[in-house]
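Peer 1: Pasting in a structure now, in structure tokens, and then I'll have a few things to ask.
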Amino acid sequence: MTITFLSQRLEFPHPSQAGPDGLLAVGGDLSPERLLAAYKQGIFPWYGPGSPILWWSPDPRLVLYPHNIRISRRLRRVLNSGRFLITADLAFEKVIEYCARTPRKGAWGTWLVPEMIDAYIRLHHMGIAHCFEAWDQGRLAGGIYGVALGRGFFGESMFYRVANASKAALVHLCSFLEEQGFLFMDCQQTTGHMLRLGAVQIDRAVFLDQLEAGMRSGPGPGRWSLSKGVHEMKHKACSKD
């Protein structure tokens, strides 16, 4: 396996050159131009404190198709209760801050180092990175953020401070993505949590084909907003469990 060390040129090796663990390249920077070039090729950054920037393209790839979000009976009751108020792009910096502070099972520290946070905040100001928030009695209870390009959404991280808040935000995000004609939500790495919510593993080659199709059109940059009453709408479960 050969790992590519990036130069100042905005070029990446083809994702098929990634190692068995998905590691493709090292170095470069987190400029908006490089990040967008990476996402358009199915590549994303992920590294921890004290590490150089690492770029990944795993195989298989975990993808959630918005119409396939799986809503359990318990989650449906939460959604129908109207407990959470769902909004979009109102508290991006708070959402990413809480994502960075949330402990992850089996993980030490956080991959959301300060320069990563700054990079995604820049993308948010450009209308490219977005978040969905779940509020409980005026308090930010959970949320999810990611990057939107073409008709693809690249989920980055989610958090909750109140049980089911991040799931509620995710369900409404999927409804929004489906309404806006998005083809997929890239979950990047496989987790049991996302599998239970309906995500599926697909071959990297299949993902890259879908990614290419998704980059041909889309709503373009801009702040996201929700139509009146979206936080109260009911959703059709894709399974009984």
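The values are calculated or read from the model by the stated rules, or taken from the named source; none is laboratory data. No experiment lies behind these values; they were computed from the predicted model shown. As a convention, Cβ positions derive from the backbone with ideal geometry for all residues, glycine included, and neighbour counts pool all protein chains shown.
Peer 1: Hey, any hits in the range 77-85 for a residue that's under 18 Å from the mean Cα position of the chain (by Cα) and buried (at least 21 other Cβ atoms within 10 Å of the Cβ)?
Peer 2: No - not one qualifying residue is present in the range 77-85.
Peer 1: Among the β-branched types (Val, Ile, Thr), more than 23 Å from VAL200 (Cβ to Cβ) and either surrounded by 15 or more Cβ atoms within 10 Å (Cβ to Cβ) or more than 21 Å from the chain's Cα centre (by Cα) (or both): is that true of ILE53 in this structure?
Peer 2: Yes.
Peer 1: Considering the range 183-222 alone, what residues qualify as being surrounded by 13 or more Cβ atoms within 10 Å (Cβ to Cβ), of a type in the set (D, E, K, R) and under 29 Å from ALA91 (Cβ atoms)?
Peer 2: ASP186
Every residue, every condition in (1) at pLDDT 95 or above; (2) not in a helix (DSSP H, G or I), yes or no:
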{"position": "TRP108", "(1), (2)": "no, yes"}
{"position": "LEU140", "(1), (2)": "yes, yes"}
{"position": "GLY146", "(1), (2)": "yes, yes"}
{"position": "LYS167", "(1), (2)": "yes, no"}
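Peer 1: Would you mind telling me which numbered condition in (1) of a type outside the set (Phe, Trp, Tyr); (2) within 25 Å of ARG151 (Cα to Cα); (3) in contact with a Lys or Arg (Cβ under 6 Å, 6 or more places away or on another chain); (4) buried (at least 16 other Cβ atoms within 10 Å of the Cβ) LEU10 fails?
Peer 2: The single condition LEU10 does not satisfy is (4).
Peer 1: While we're on this one: For the structure I just gave you, tell me whether LEU140 is under 15 Å from the mean Cα position of the chain (by Cα) and not small (Gly, Ala, Ser).
Peer 2: The answer is no for LEU140.
Peer 1: Does ALA100 qualify as being out of contact with any Gly (no Cβ under 7 Å at 6 or more places or on another chain), more than 16 Å from CYS187 (Cβ to Cβ) and at pLDDT below 95?
Peer 2: The answer is yes for ALA100.
Peer 1: Return a yes/no flag: does the range 223-231 have any residue that is in a helix (DSSP H, G or I) and either at pLDDT 90 or above or more than 17 Å from ASP89 (Cβ to Cβ) (or both).
Peer 2: No, the range 223-231 contains no residue that is in a helix (DSSP H, G or I) and either at pLDDT 90 or above or more than 17 Å from ASP89 (Cβ to Cβ) (or both).
Peer 1: Another question about this same structure. Restricting the search to the range 67-76, which residues are surrounded by fewer than 21 Cβ atoms within 10 Å (Cβ to Cβ) and either in a helix (DSSP H, G or I) or in contact with a His (Cβ under 7 Å, 6 or more places away or on another chain) (or both)?
Peer 2: HIS67, ASN68, ARG73, ARG74, LEU75, ARG76
Peer 1: Something else now. Quick one: what pairs do we get from the range 142-153, first residue over 27 Å from ARG101 (Cβ atoms), second among the aliphatic types (A, V, I, L, M) and surrounded by fewer than 24 Cβ atoms within 10 Å (Cβ to Cβ), C-beta under 6 Å, 6+ apart or different chains?
Peer 2: Partner pairs satisfying both residue conditions: GLY150/MET215; ARG151/LEU183.
Peer 1: Right, next: Between VAL63, VAL95, which is touching a strand residue (DSSP E or B) at 6+ places or on another chain (Cβ under 7 Å), in a helix (DSSP H, G or I) and either buried (at least 21 other Cβ atoms within 10 Å of the Cβ) or at pLDDT 95 or above (or both)?
Peer 2: VAL95
Peer 1: Here's something else I'd like to know. Give the residues of the range 11-30 that are outside any strand (DSSP E or B) and more than 22 Å from PHE207 (Cα to Cα), sorted by residue number.
Peer 2: Selection gives GLY28, ASP29, LEU30.
Peer 1: Okay, next question. For PHE176, which of the numbered conditions (1) closer than 24 Å to GLU33 by Cα; (2) surrounded by fewer than 24 Cβ atoms within 10 Å (Cβ to Cβ) fails to hold?
Peer 2: Every condition holds for PHE176 apart from (1).
Peer 1: Only one of these is free of Cβ contacts under 8 Å to residues at least 60 places away in the same chain and of a type outside the set (D, E, K, R): TRP55, TRP46. Name it.
Peer 2: Among TRP55, TRP46, only TRP55 is free of Cβ contacts under 8 Å to residues at least 60 places away in the same chain and of a type outside the set (D, E, K, R).
Peer 1: Which numbered condition trips up GLY150, out of (1) buried (at least 23 other Cβ atoms within 10 Å of the Cβ); (2) within 21 Å of GLY42 (Cβ to Cβ)?
Peer 2: (1)
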